[in-house]
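What follows is a short report on a single structure.
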Amino acid sequence: MHLAFDLIGELEQALAKAAAAAGLEPGSFEPGVRTSDPRHGDFQANGVLAAAKRAGKPPRPMAEAVVAHLQGDLREGFEVSVAGPGFINFSARPAMLLAWLKAFRSRDDLAAGASAAHKGETWVVDYSSPNAAKQMHVGHLRSAVIGEAVSRLLAFTGARVVRDNHLGDWGTQYGKLIWAYKRMIDEGALERDPIAEFERLYKAGNTAAEADPAVMDEARAELVKLQGGDPENLALWERINRASLSAFQGIYDRLGIRFDETLGESFYNDKVGRVYAELSEAGISSQSDGAQVVFHPEHPRFKTQPMIVRKSDGAANYATTDLATILYRTEHFRADCILYVVDKRQGDHFEQLFLTARKWYAKTGRSVPRLVHVDFGTVLGENGKPLKTRTGDNIRLRDLLDEATERAYLLVTQKSPDFPEEERRRISEIVGVGSVQYADLTQNRASDYLFSWEKMISLEGNTAAYLLYALARIRSIFRRQGLECGDPAAEAGAGVPETPAEVAIARKLVKFADTLRLSTETLCPHFLCLYLYELAGEFSTFYNADKVIVEDPAVRARRLMLCARTLLILETGLGLLGLRTLERM
RNA sequence: GUCCCCGUAGCUCAGCUGGAUAGAGCAUCUGAUUUCUAAUCAGAUGGUCGCGUGUUCGAGUCACGCCGGGGACGCCA
């Protein structure tokens, strides 16, 4: 029997063939296979209902006809039945489950199976993208964490992924910052914490400029000098950006983020001219109040709300650089798709940007890549308002990760006081940071979410610690046997799953492929989180119900195999989310 | 004012783009440890899916209208 990684894809093909054989009109039938409530089986096909509706025929006989034409080898793998108004239910037979578990036994096996989805495609993922000279704070968490998970999912499913940190390293704030830098820099403070010092300088410059128009003029002059390529200001600007980036790197290292490119806004300074010219030539833009703008007459809002692509003073803004960036990403990276992992409040901007880009590309005969705003909600405090410190400041990301790690440390120390200090520190970093990442990812990204230390680190329910704990327990089983995890000898001769808990966990494992598909297609990592949590839950049930290390070699082998595969998928899945895992905790 | 998003158990949230009797966790209650990590497991209680009308074999999901909450709206990003 041929064995597919994605069983749903296999079932859909088989159903399409059977439908044709049963005389259903070709092309009119979408199998509509999805995982189902375990009470009904493993997978269900709903497509017959829709097809029957369109054909004006009763669905049940139609479903029976399709089932009758299913090929024999599929029936070797699945028990098939028709239920209710015309659902087709599939239950994987134990032999089928065993075959899948034997076929996909390593990360490479899984990757090989999954990589068909986006093979040959190039995806640019634009995420994190903080402003230089400013601290990263909670507001920067989601883009970084979600962007990283999405990038990993895409890479795992076969895409060439270009991770691009579109730094905010250009703009009017540099005038005030440079003005203040030249007058009140504290070199010692700069040494200790460069970004804090830049922030202090910016605030000082801003205050001075607001108080005194003369200062404002001087700050503007600094900006003009910078933009004109003045060597001194350019050197300062470079120093600011270099220091910012190295501070950001500290956060990225903890979150497991590594960019392929860091092409900030400044990179596009010399590339905006083409944008002005082409938009104007193509007749897409117009002049309004001295600015170059784009209206979209067909749109209820953007017919009157313009996108400003060139300010009345002739300068570019972020709409301009975003357009220039699209051009660069299509010409230089040959992007098939560009993702923007950005706060949902910028939805209007991206809608305008995409509309404009599509018209622009259509007029100039280019083929436009898929453009997607991967939006996400706000992190809220217990009061339901955006999360802040008690004094109303933004919470620095570094402080947030530190506190998570500290809370995890207290817990590890309480639960495992006999572990060496150094190991407890290592564990708490992985648990603490992982808890922050996981709490963010497990929520549907589109909605705001309530930040709660208690929920995050309480380690009960759908949390990183619960998953890491399940994983550590599996590793412990192998360790106590003196076995390497996944040692082929340990599972030699493993037979089909037998007990209810064994069967349940095997059925869950084979659905990993579908979860990957769902999570990647929707760019929603929370589907993967939910799956991993349910898998860990099945494992915990199994762990309590069935002892793994038993005398009977056949029973032991098959249970070790289930442990090894659960470990593999938990580890692969958590890795795709950007989390690190532990030997013990 | 215009447009967008949200409203599901006491609380925090899922609900795979229209499928079967709406699911988890927390909280509350009951039980499980001579057994591979109890940071665990088994069970119970808990619902007018904001309200209404409609579309159809079928609606938490789609359409329209209300009510309530959040957000975005010309030279910031």
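Structure summary
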| quantity | calculated |
| --- | --- |
| Unmet requirement for A:THR356, which otherwise passes all of (1) open to solvent by 20 Å² or more (accessible area, probe 1.4 Å); (2) of a type in the set (Val, Ile, Thr); (3) not in a strand (DSSP E or B) | (1) |
| Checklist (1) part of a helix (DSSP H, G or I); (2) modelled with pLDDT under 95 applied to A:GLY229, failing item | (1) |
| Test result for A:ASP393, more than 16 Å from RNA strand B (Cβ to nearest atom), over 22 Å from the mean Cα position of the chain (by Cα) and modelled with pLDDT of 95 or more | no |
| Residues located in the stretch A:30-75, provided they are within 8 Å of RNA strand B (Cβ to nearest atom), in contact with a Lys or Arg (Cβ under 7 Å, 6 or more places away or on another chain) and under 16 Å from A:ALA14 (Cβ atoms) | A:GLN44 |
| Filter result (within 6 Å of RNA strand B (Cβ to nearest atom), among the aliphatic types (A, V, I, L, M) and within 21 Å of A:THR405 (Cβ to Cβ)) within the stretch A:451-482 | A:LEU459, A:ALA465, A:ALA472 |
| Verdict on A:CYS485 being touching a Leu at 6+ places or on another chain (Cβ under 6 Å), assigned to a loop (DSSP other than H, G, I, E, B), of a type outside the set (Phe, Trp, Tyr) and more than 7 Å from RNA strand B (Cβ to nearest atom) | yes |
| Single residue of the stretch A:537-562 satisfying the filter (more than 7 Å from RNA strand B (Cβ to nearest atom) and under 27 Å from the mean Cα position of the chain (by Cα)) that is surrounded by the fewest Cβ atoms within 10 Å (Cβ to Cβ) | A:GLU538 |
| Within the stretch A:359-369, considering residues that are free of Cβ contacts under 8 Å to residues at least 40 places away in the same chain and either part of a helix (DSSP H, G or I) or within 16 Å of RNA strand B (Cβ to nearest atom) (or both), the one farthest from A:GLY273 (Cα to Cα) | A:ALA362 |
| The stretch A:97-135, residues that are within 15 Å of RNA strand B (Cβ to nearest atom) and out of contact with any strand residue (DSSP E or B) (no Cβ under 7 Å at 6 or more places or on another chain) | A:ALA117, A:SER128, A:ALA133, A:LYS134 |
| In the stretch A:338-352, residue farthest from A:ASN444 (Cα to Cα) [restricted to those that are in contact with a strand residue (DSSP E or B) (Cβ under 7 Å, 6 or more places away or on another chain) and assigned to a helix (DSSP H, G or I)] | A:GLN352 |
| Meets criteria (assigned to a helix (DSSP H, G or I), modelled with pLDDT of 95 or more and open to solvent by 40 Å² or more (accessible area, probe 1.4 Å)) for A:ARG152 | yes |
| Cross-chain or 6+ apart pairs with Cβ under 6 Å, the stretch A:38-53 first and open to solvent by less than 10 Å² (accessible area, probe 1.4 Å) and at pLDDT below 90, then near RNA strand B (Cβ under 8 Å from one of its atoms) and small (Gly, Ala, Ser) | none |
| Conditions (1) assigned to a loop (DSSP other than H, G, I, E, B); (2) surrounded by fewer than 17 Cβ atoms within 10 Å (Cβ to Cβ): number failed by A:HIS166 | (2) |
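Okay, residues lined up against (1) at pLDDT 95 or above; (2) in a helix (DSSP H, G or I); (3) closer than 30 Å to A:ALA116 by Cβ:
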{"position": "A:CYS524", "(1), (2), (3)": "yes, no, yes"}
{"position": "A:SER540", "(1), (2), (3)": "yes, yes, no"}
{"position": "A:TYR543", "(1), (2), (3)": "yes, yes, no"}
{"position": "A:LYS547", "(1), (2), (3)": "yes, no, no"}
{"position": "A:ARG559", "(1), (2), (3)": "yes, yes, no"}
{"position": "A:LEU567", "(1), (2), (3)": "yes, yes, yes"}
{"position": "A:GLY573", "(1), (2), (3)": "yes, yes, yes"}
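The values are calculated or read from the model by the stated rules, or taken from the named source; none is laboratory data. If you're wondering where the values come from, they're calculated on a predicted model, not measured in any experiment. For neighbour counting, all protein chains shown are included, and Cβ atoms are generated from backbone atoms with ideal geometry for every residue, glycine included. Note: areas computed on protein heavy atoms with side chains; ligands, DNA, RNA excluded. Shrake-Rupley method; radii C 1.70, N 1.55, O 1.52, S 1.80 Å.
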